[in-house]
Every structure is written in C-alpha cells, then in structure tokens.
1. Please state which of the following conditions residue A:307 fails to meet, knowing it meets all the rest: (1) part of a loop (DSSP other than H, G, I, E, B); (2) surrounded by 22 or more Cβ atoms within 10 Å (Cβ to Cβ); (3) not assigned by TED's automatic domain parsing to the domain that holds residue A:385.
2. Just give me the residues in the stretch A:271-304 being part of a helix (DSSP H, G or I) and more than 19 Å from the chain's Cα centre (by Cα), in sequence order.
3. Check B:18, B:13 and return the single one that is more than 14 Å from every other protein chain (Cβ to nearest Cβ) and either free of Cβ contacts under 8 Å to residues at least 24 places away in the same chain or more than 19 Å from the chain's Cα centre (by Cα) (or both).
4. What is the one condition in (1) at pLDDT below 90; (2) within 25 Å of residue A:181 (Cα to Cα); (3) away from chain A (no Cβ under 14 Å) that residue B:135 does not satisfy?
5. Taking the stretch B:253-276 on its own, how many of its residues are surrounded by fewer than 18 Cβ atoms within 10 Å (Cβ to Cβ) and without any contact (Cβ under 8 Å) to a residue 60 or more places away in the chain?
6. Is it the case that residue A:111 is away from every other protein chain (no Cβ under 14 Å) and surrounded by 24 or more Cβ atoms within 10 Å (Cβ to Cβ)?
7. Within the stretch A:96-108, take every residue that is in contact (Cβ under 8 Å) with a residue 60 or more places away in the chain and part of a loop (DSSP other than H, G, I, E, B) and give me the one that is farthest from the other protein chains (Cβ to nearest Cβ).
8. Among the residues of the stretch B:292-302, is there at least one that is at pLDDT below 90 and either under 22 Å from residue A:120 (Cα atoms) or within 14 Å of chain A (Cβ to nearest Cβ) (or both)?
C-alpha cells in the first residue's frame, strides 16, 4: 500500500535524522575561530572520589585560558584547553590521556589530579613522547628520572613536607613522636616518608598507627600514642578522619602532645569543621595557602595575591592549594608554548631547563635530575590561631 | 553450528578483525581501538560471569576480586621475581582457580541474595588485603613499572597489537564457553537455572557443576587481570573494588544474561558509554549514565541482545505478512 509505504519512508528518514543528531551531539565541536589555536590537554578528577582536587583545578585552568585569550593569546595564537574528566578512575584516565595524544594531538598535557591516576599514565606519556605535567604528589611519578623522561610534576613531594615538619620538631627539641596514617595512597606515602626520614633528624617513632578512610572514631589510635610517651603526634590523612583526629586529640586532653597534621589539612573548611578544637594544630603548607601572611617583598607574594583576587572574583569562593597546582602547570605549559611553540620535544626540553619559575607552590628549579623542582624551603610552618592560619615561630 | 548461523558470525569476526583499520582514517574515532582493548579485557570477565549468572543462575559480586588477584599475581611474579609474563599468567589463573574453589564450595550452597552477600564479602576482603599488604602489593599507592608483554622477543607496544591479542583471548573464551554450553554440562546448567531441585532429582550433580562454573569464571577474570596488568603497567587496589564487581554485573545485565553475545555487547556498550560517548554532558555524565542503566532495566529487562533479536523477528514477520 502506497500510504503505508510513505509512512515507512518518513519513519526511516526521521530515524536517520535522529542518528545524525546523535552523532553530531557526540562529536566534540571545534572551538574558537581565527589564528591556529595552541592546544593544552588536561585530565582532572572533576567528579568521583577526588573531585575536591579536580574541581578547583578545572576552574583555575579555565580561568587562566580566559585571561590569556583576553590578552590576545600567546604569540598571536589563542589558547585552547581540551579538558577531560577521569572521574577518579585509573582506566578512564589512561584512555583520556591517549585520546588527548591521538585525537586532539595536544603538544603538552597537564594533570592528572591524583597520584594513582598519574602513575597509570606515566608509561603512556613515555611511549608516545608527550610532556606531561602532573598535579599529584607521589615521588614515584618523577622517579627514577631515567624512565620519566617526559614526565614532570608541580606538587611538592611528601619528603619535603616531612622534612619541613622534622626541621621544626628538631628546633623545638622534639625527639619522640607517634604517627597515625590513613590507609589510602595519600596516607601510605606519608607514612613511608615519615618512617624513612626520622633517623636523619634524630627522631624516634614510638607509635605507628593506621586506620581506614571511613573510620568514625580514632580514640583507640590516639590513646595508644598517648601511652607510648610521644612528645608529638603526626596525623596524615584527608577528609573526615583529619577532623576526627583533631576532635579526638582535644577530647582526650592531649594538648601537652603537639598535634601535627599533613599538608592535606590545608583547607579552611577543616578549620570551620573543627571549630575551637583546632587551635594550636601545626602543619607545613605551601605559600599559596597563606598568601596574605607573606611579607610584601616575598617573590611569590605578587603571583599568589593576583591569583586569589582573580579566582575569588570569578567564582565567589576561596582558592584551594589544589587549584594552585593547576595554576603552576598551566603557566609552565604556557611559558613553554610561548618560548618554543607547539613542539612536544622542545617543550620537554624547555620544562627541564626551567629555573626560578615563580609559581603558587614555590619557586621551581627543574633539572635533568629533578623533574619536580621544589624543595622543603618552599613550605611554611603554619599554626592554627583564632580559627585562621598564622605563621608558626 | 549450522551454516546459517555461521554467516553472521563470520561477518562479525571479519568486522572485528578489520576494526582498527576501519577507525584509523577517521581522526575523531581513531582512538576507539584503545577503548576496545579495555572493552575486550572486561569482556573476558563478563563472559565467565554470564555463564555463571545467565546459565547457572548464580550472582557473583566477587569478579573484580578475581580480576584483581590475577592482576596482582602477575604483577608480583614478573615485577618482584622476574618471571616471564606468559608464565605468570597461568600461575595467576591457578591461584584464582584454587581460591574460587575454596570460596565456592561453601558459598555456592547459598542461594539468591545470600550468595550475592557471600561473594560480596569475599570481594571486600580481597580489596582490604590488596590495600593493607603493603609489602607485597604496594598498598594504596599501587605498584609501578610492571613489565609489559612481548611475543617472540618483540615487545607489544602499539594499541593495535594489544587489540588483536586481547580479542584473540576473547574469541577463544567465547568458543570454549560456547562448547561448554552446548555440551552435557551446558544443558545441566540450564536445568539448574530453571529449577535446582528438579535438576538434582534428575541426577545432575548440582553443587559440583556450580563450583566448576564459578572456578571457570574466576579463571577468565584472572586472565583478564593479567592482561590488564601488563597493558597498563600500573596497579592500584581501587581498580578492583566492589564498584567494579557491580559494573561487571551491570554489563552482563544490560547486554542480556541469557546469551554470551549479551555479555559481549553489554560490555562494549557500557565501556563506550562510560568512557566516550557521554563526555559532552561534562558534569552531568554520571547522571546520564545512571539514566541509561535505569531505562535499560525498566524497559528491556531481558537485555539489549534479546531486545534486538525480538525486533528483528518482528520486522521479518511484518515483511512476510506484507509480501503475502
């Protein structure tokens, strides 16, 4: 029948149209017109377990691209950010990096946000010879440097944080400490360094306690440390357990034993959650967290204050130290693009030879032996005073 | 297998063999080969799981654990003890088979939700061990610099080479599973699925068959784990947690439990949906992913493969009636 046949045709046509629409929707659209854009690839954990890292990193990277393009780009080329969310999943991250390399053909990649995801893509960056600037902390990301030719990182290593902490303890005459660490990648890495470096600073670890990231009570661990005769306790965790440690320490009236937290405690949210209990807690922090406290003549003062102003004006929320990693990696990538153009090998060489780069997390001095470029001197010892950070004496 | 059935399978095999060459010229999909490598690795897990769920009627939430055991055994034997990866792979499978047998004998006496609970518990225990045995597994920071694979002295580097290797494994697993299903064991499994007591009354050794299928699914998961290890060359326990066990079950359910093709289609579909096709939704990706799962379970509970077969049959019937 003719009528039915036509109906069928119409049905077919609309179905084809639907598929075309779907395909168009699913194919990423090229952004920006005019001068051939310089691409920067980015992989952050914007959602999932590490979204507290990826979210500010994404916002920071997008803000910087806007600023640069508003100034007319670099060398007349607009900058295009190709950003993927790995949902804090190693497999997805691996695929995202390959896609950036193969499909988007980016000359440089910033991220991933977490150590686990960074380590899952180190071999990809090496195999395809693409410079990758990780925003995560683990020293394994850039060591051994012989097999990390193409990989850099802008987050300080845990050895710097521990070193700064132990320096301070040494100055205060603390020799016996108890440590408590969370059993995640973050905690495990901290524990390794705390144990490894103690001897160099003449410190004895008299208690070594561990707990799960979802534990709801740390009294048992703190009680053991109190009984061990420690002069100080170091807690190494992020999330609710970092708050529990402070509350437990206060509830058990352990003020006589100084409480040190890792740099993971460096968010004002923790101070709100802990309230008065956090008074006197000590921790090493990157300067980006304490910008307003720095003396005017400090070389990092200017970049940090500018970042804080721009970010807070745009997003109406305080900056976080993680966004600072994105700032550092973005500006390193931009500096490289400006100096040598979108050439993977040249960008790598440029990064490796970058000295005195003033960033949010310190003054970077890269070298063929050091693809991190930071030291413990890029940290400040901070104490919680009146519900805010203050530089510790 | 009848010749009529062989034709579509031949076409499918040819398509799979040509896949890397089909997508290569199109820049926007050229990286699909990478996605297919992971999809193939996950297919190995879900083929075993579909045998267990769709045919023996047992739900396992421990597949990620077996996947993890295989991965870690391979990583430790090659990374620490310098074994050849090809020797470590069967070693991992043997370990997995032994563990599955030990877990399976008591656990498979349980039914329905209780079995799911028991395997879930086992999965969680394995995850905790991977996290806490820092000396062996590297703990939560993971294991780095695991050696890659090589064949006859040539290291496997390109994604295309990996694609062919992984999908050869998948083809072998499919073939083997197909033969199992169309043997006495397969018929017995179906009988168990229909009505366990009746099957037992007919003389089917129910308990022993269930354990055997469970062990088989664990071995496939272990092989997948070994391939994953040497492909990514980095392991962290979070790739083997409960969420992944649930994902594997979802892949089987979405594709269709009653058919091996269901496991295949569901796995490839969800791997692409999860990693590729929803990126345009950015922050809402997870919501859309959830909505797709919900739609499938609500409207095509028998799975995509069965749904497609029915559509085809309906259309054929309609064509027939029109031509009359």
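1. (1)
2. Correct list: A:271, A:272, A:273, A:274, A:275, A:276, A:277, A:278, A:292, A:293, A:301, A:302.
3. None of the others qualify; the one that does is B:18.
4. The one condition residue B:135 does not meet is (3).
5. 1
6. yes
7. Ranking the qualifying residues of the stretch A:96-108, first place goes to A:108.
8. For the stretch B:292-302, residues at pLDDT below 90 and either under 22 Å from residue A:120 (Cα atoms) or within 14 Å of chain A (Cβ to nearest Cβ) (or both): present.
The values are calculated or read from the model by the stated rules, or taken from the named source; none is laboratory data. Small disclaimer: the values here were computed from a predicted structure and weren't measured. Every residue, glycine among them, receives a Cβ derived from its backbone with ideal geometry; neighbour counts consider all protein chains shown.
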